[in-house]
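Report on the structure given below.
Just so it is clear, none of the values below were taken in a lab; they were calculated from the coordinates. On a predicted model such as this, the values are computed, not experimentally measured, just so you know. Ideal geometry is used to build each Cβ from the backbone, glycine not excepted, and the neighbour counts take in all protein chains shown.
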Number of protein chains: 2
Amino acid sequence: MAEAAATIRMRGAGYYSAHTTGAKLVIDRATPLALAAIRAMDLSGAAPFAIADFGAADGGTSLGLHRAVLTELRRRAPDRALTLTHTDLPHNDFATVFQLVQGRLDGREGLGVPGVFSFASGTSFYDPIFPPGTLALGFSATAMHWLSRLPAPIAEAVHAVFATGATQAAFREQAAADWQRILLLRAVELAPGGALVFANFSTDEAGRYLGATGGRNMHACFGAHWRALHAAGAITEAEVARATFPQYYRSVAEFRAPFEDAAGPVRQAGLRLEECFTLVTPCPYAARFAAGEWTAAEFARAYVPTLRSWSESTFLGALDPARPAADRQALIDRFYAAYEADVAADPAGHGMDYVHCLMRVSKAA
Amino acid sequence: MAEAAATIRMRGAGYYSAHTTGAKLVIDRATPLALAAIRAMDLSGAAPFAIADFGAADGGTSLGLHRAVLTELRRRAPDRALTLTHTDLPHNDFATVFQLVQGRLDGREGLGVPGVFSFASGTSFYDPIFPPGTLALGFSATAMHWLSRLPAPIAEAVHAVFATGATQAAFREQAAADWQRILLLRAVELAPGGALVFANFSTDEAGRYLGATGGRNMHACFGAHWRALHAAGAITEAEVARATFPQYYRSVAEFRAPFEDAAGPVRQAGLRLEECFTLVTPCPYAARFAAGEWTAAEFARAYVPTLRSWSESTFLGALDPARPAADRQALIDRFYAAYEADVAADPAGHGMDYVHCLMRVSKAA
């Protein structure tokens, strides 16, 4: 995997899943697709039934889906060996994944399906992960908006949603190439009759995307607070420019495209799109504030960590490595503290609604 | 796995393999056994050829063995998928394993065999790890002296080598039960014609064992320095007593026993002992001191960390959890500093020669 991989880093020790309630809600909505995928399968094979969770972070948000799927598989094929492999980048916190699966993290429910063989892979989903023809069901949620490389820095913003012209085109092309690459790699890994279920961040038919569903635009807020550090003399112009998420929120048309080209490599590899729809999952933090459960300060204190869980590595990586590590961390703390103060002072419209495209893909039997 | 698992912990971020040069030398001596094991195999199968490294810690000491085996497999069966799974306890530093395998740790050579599918398992080797019949070659070095549970505390010493009477018997029986359990679990996992290669700590025919080959007895030194903390009023009597390694160095006869009982479960499961011999690997640190490369202080500074890499968790776990974490760490630092000062002041006879029993086991085809 390319340079982006070195800097993408979820916060560890269960922080990620503990602070991403919304991500779990999305996966709960994807669970019927995974159950539909296995319902369509012949389970009479002798090889282990292998499930993968691509880009699983600490594994906490998807345990419920895997519990449902594995319970159903165990019921229908009681004698078949079942494996579950969590994949992510090599520096991921896999110790937390295993401890979560085994129910060894305090206060967190484990997988709870006995006899499932649990593995991890530290290989990027832009590379082959499984031997050809060995995967029965691949799942991935809220991971594949991370591109294999940053196609271009965006000087004027932190995210491709604000890119224009040639920069926007560079992101669009990288995202298309990466999506095809992911699908072709998985097509090789899937056994005949296997399936993929995705819940990927998307720009939906109404132009909505993560943190931009009508209220304050989250990526605009990120950008404003980052530039504010520069206005205050705390960071350099180069550091402002370097903060660019190597991400792209594909449109539904972009997700569908490889499946609509009958002569294209994805269809030729045997993959078919069975279901595809978008889904807006309201920010659970904003909902609790709106319901009067929280004060503005409480909302801000709960909400900003969910942004931090996945965004911190990009901002930290934008800072000059010549700065002492403690200084860099202090700048990042200051950045999120300012964002939190902003939300606490003027909470209206803040919130990170999730916008996903859910897909179920089958491979010809 | 029982209570011992929660406290066994190798130091992370590559510390383990960087400070266990001797462990790597042993594995280099075990490499011919692994090559002999695959030489005897029919490689014409279609399923992935799966290799496991049980209790691999950070994976650094065995990468050379796996490189040799995988290179030979790739030569003989160029089209067969090859997998390598590092296993250890769930809290192990798997991020370092993956980064090492992929050659992403500064100054450390990676696996270097392209196209090998790399996985990890956080499941104890006292539990099933792989689906039945899917493992081609299992390897384990310097791990299976860790028992599944502490059979009894040893008030008067820190290690079973000094246990007597009923306490000694309890350790011996636990070690026998654990060894049979390991073998029976692996017998299920192995494909027909598969093999196991072990380099386990042992008490050899001359009564030698780790750190006890004629000079100062390492476990006696551990015990003396631990009791010295009590004599100085730094730790309590209960803390002295609680420091007991959940370990046992099996004799060759004990390692052989399950294979010599033709009606016993291990033989009935299809396992046969093909090779078995003991090996003393001189302490590489003591050797450099003896050769005049190091002063006594330099020797002590290099030597004590290799002890610390695997012993720290036992001593840390013996301290009262009511002590603040920083105080516990300070006591442990003081303990190893005293050991280091002891070695620096009077280096003669210090050293941790490794004493291993190397075994090659086959499963009937």
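At a glance:
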{"read-out": "7 Å along Cα→Cβ, label-point gaps from A:V188 to other copies, nm, shortest first", "value": "3.4"}
{"read-out": "FRET efficiency, B:H230 to B:D346 (Cβ-Cβ, R0 25 Å, nearest 0.05)", "value": "0.70"}
{"read-out": "Peptide-level mean, for A:206-214, of C-beta atoms on other protein chains within 10 Å", "value": "0"}
{"read-out": "Reachable aspartates and glutamates from A:K363, criterion Cα separation under 12 angstrom, eight or more residues apart if same chain", "value": "A:E189, A:E274"}
{"read-out": "Order of B:K24, B:K363 - criterion: other Cβ atoms within 10 Å of each residue's Cβ, fewest first", "value": "B:K24, B:K363"}
{"read-out": "Cut-off under 5 Å, modelled amide H: who pairs with B:T85 long-range", "value": "B:I51, B:A52, B:D53, B:F119"}
{"read-out": "Sparse-neighbourhood loop sites, trypsin sites (Lys or Arg not before Pro) in segment A:145-196 - DSSP loop, at most 16 other Cβ within 10 angstrom", "value": "A:R149"}
{"read-out": "Other copies of A:D42: label-to-label distances in nm, shortest first, labels 7 Å along the beta-carbon direction", "value": "2.6"}
{"read-out": "Mean Cβ neighbour count within 10 Å, used as a protection proxy, ranking A:90-96, A:212-218, A:316-322 highest first", "value": "A:90-96, A:212-218, A:316-322"}
{"read-out": "Contour minus Cα-Cα distance for A:A330 and A:A46 (0.36 nm per residue)", "value": "96.8 nm"}
{"read-out": "For B:103-110, mean number of other protein chain Cβ atoms within 10 Å", "value": "1"}
{"read-out": "Three-way shape label, segment B:228-355, alpha-carbon gyration tensor, a/c 1.5", "value": "oblate"}
{"read-out": "Potential lengthening between A:R323 and A:E72 on full extension [0.36 nm per residue; Cα-Cα distance subtracted]", "value": "85.1 nm"}
{"read-out": "Kyte-Doolittle at least -0.5, axis length at least 24 Å by Cα - qualifying DSSP helices, chain A", "value": "A:21-39, A:165-189, A:296-318, A:325-345"}
{"read-out": "222 nm mean residue ellipticity, helices alone, for the protein assembly as shown (DSSP H n ≥ 4; -39,500 (n - 2.57); rounded to 500)", "value": "-13500 deg cm²/dmol"}
{"read-out": "Within 10 Å of each Cβ in A:120-132, the average number of Cβ atoms from other chains", "value": "5"}
{"read-out": "Exposed GluC sites (Glu not before Pro) absent - longest run of chain A, DSSP non-H/G/I/E/B, at most 14 other C-beta within 10 Å", "value": "A:4-108"}
{"read-out": "Shortest-first nm distances, A:A155 label point to equivalent points in other copies (7 Å, Cα→Cβ)", "value": "7.7"}
